[in-house]
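*Asks:* Dumping the structure here so I can ask a few things about it.
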Amino acid sequence: MKRLSILILLMAAAIMLTSAQTLLAQYDRYDYITYTRHEIFLQYGAPTFQELSTQIRRETSVAKDGKIYVPDRFVYTGVAALGYKYYTSPYMSFGGYLGISAAMMKMAGKDTGTVVFKSSVLSLTGLLTAHWVYFRTGLWEISAHAAAGATRWIDDQEMILSSSQDISQDTARWRFAYHLSPLHVRWGSTLGIFADLGLGYKGVFNAGLSVKF
């Protein structure tokens, strides 16, 4: 298993090195003077980390009465975001990302299954990003990116059973946020459209519009 892991890493490094050499051969000295420095973009992503963490891991919460409650009946908005990139070369850029998403879920008793209160969560995520273009031809561009930052989760809870004891509790907390995407495809020159696949707080699938200037 260890040898297989090393082999996979070496193959990945070789592919990346080959693509980098192919890309660098496309540029001459004039390209390094005239390349676009800035890019702003709007995007929408889904499903979010918030959705995946509750749907798959079935996160539970302990209420004021000491009982355990589980999420039920999910509603999600996905994540809408605004971002910026600054290009330090024709194929490398750094920037930032600010996204907002919301969710509503009803909480039911783990043992009884009775819905007791609902939880509305607003998530604000800020990330610092690094992008690397590893393939370009015509108006097509393929890149990879990594991002890290923080997200603020604001949880407002409301009782559904008015006759029962109020066991809801509002919370707000910070979490470490990240995103990794090996495949980000963009088509266009000044105005472009893009889509990518990744893992993290931007959503598994993202699409949007960007402007380079």
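The values are calculated or read from the model by the stated rules, or taken from the named source; none is laboratory data. What you are looking at is a predicted structure, and each value in this text was computed from that prediction instead of being measured. Neighbour counts are summed over all protein chains in view; Cβ atoms, including those assigned to glycine, are modelled from backbone coordinates with ideal geometry.
*Asks:* From the list GLY192, GLY203, pick out the single residue that is touching a strand residue (DSSP E or B) at 6+ places or on another chain (Cβ under 9 Å) and at positive phi.
*Replies:* Values: GLY192 fails: at positive phi.
Going through GLY192, GLY203 in turn, the sole match is GLY203.
*Asks:* Looking only at residues that are within 28 Å of MET92 (Cβ to Cβ) and not hydrophobic (A, V, I, L, M, F, W, C) in segment 137-158, which one is modelled with the highest pLDDT?
*Replies:* Filtering first and then ranking leaves GLY149.
*Asks:* Further, regarding this structure: Within segment 176-213, which residues are loosely packed, with under 13 Cβ neighbours inside 10 Å and closer than 15 Å to LEU98 by Cα?
*Replies:* If the condition is that a residue be loosely packed, with under 13 Cβ neighbours inside 10 Å and closer than 15 Å to LEU98 by Cα, then PHE176 is the only one that fits.
*Asks:* Looking only at segment 114-148, count every residue that is among the aliphatic types (A, V, I, L, M) and more than 17 Å from LYS85 (Cβ to Cβ) and tell me the total. Spell out the reasoning first.
*Replies:* Applying the first criterion (among the aliphatic types (A, V, I, L, M)) to segment 114-148 yields 115-116, 121-122, 124, 127-128, 130, 133, 139, 142, 144, 146-148.
The next check asks that each one be more than 17 Å from LYS85 (Cβ to Cβ); those that pass are 115-116, 121-122, 124, 139.
Looking only at that region, the number is 6.
*Asks:* Which residue is modelled with the lowest pLDDT, if the candidates are limited to segment 111-136 and must be surrounded by 19 or more Cβ atoms within 10 Å (Cβ to Cβ) and among the polar types (S, T, N, Q)?
*Replies:* Out of the qualifying residues, it is SER119.
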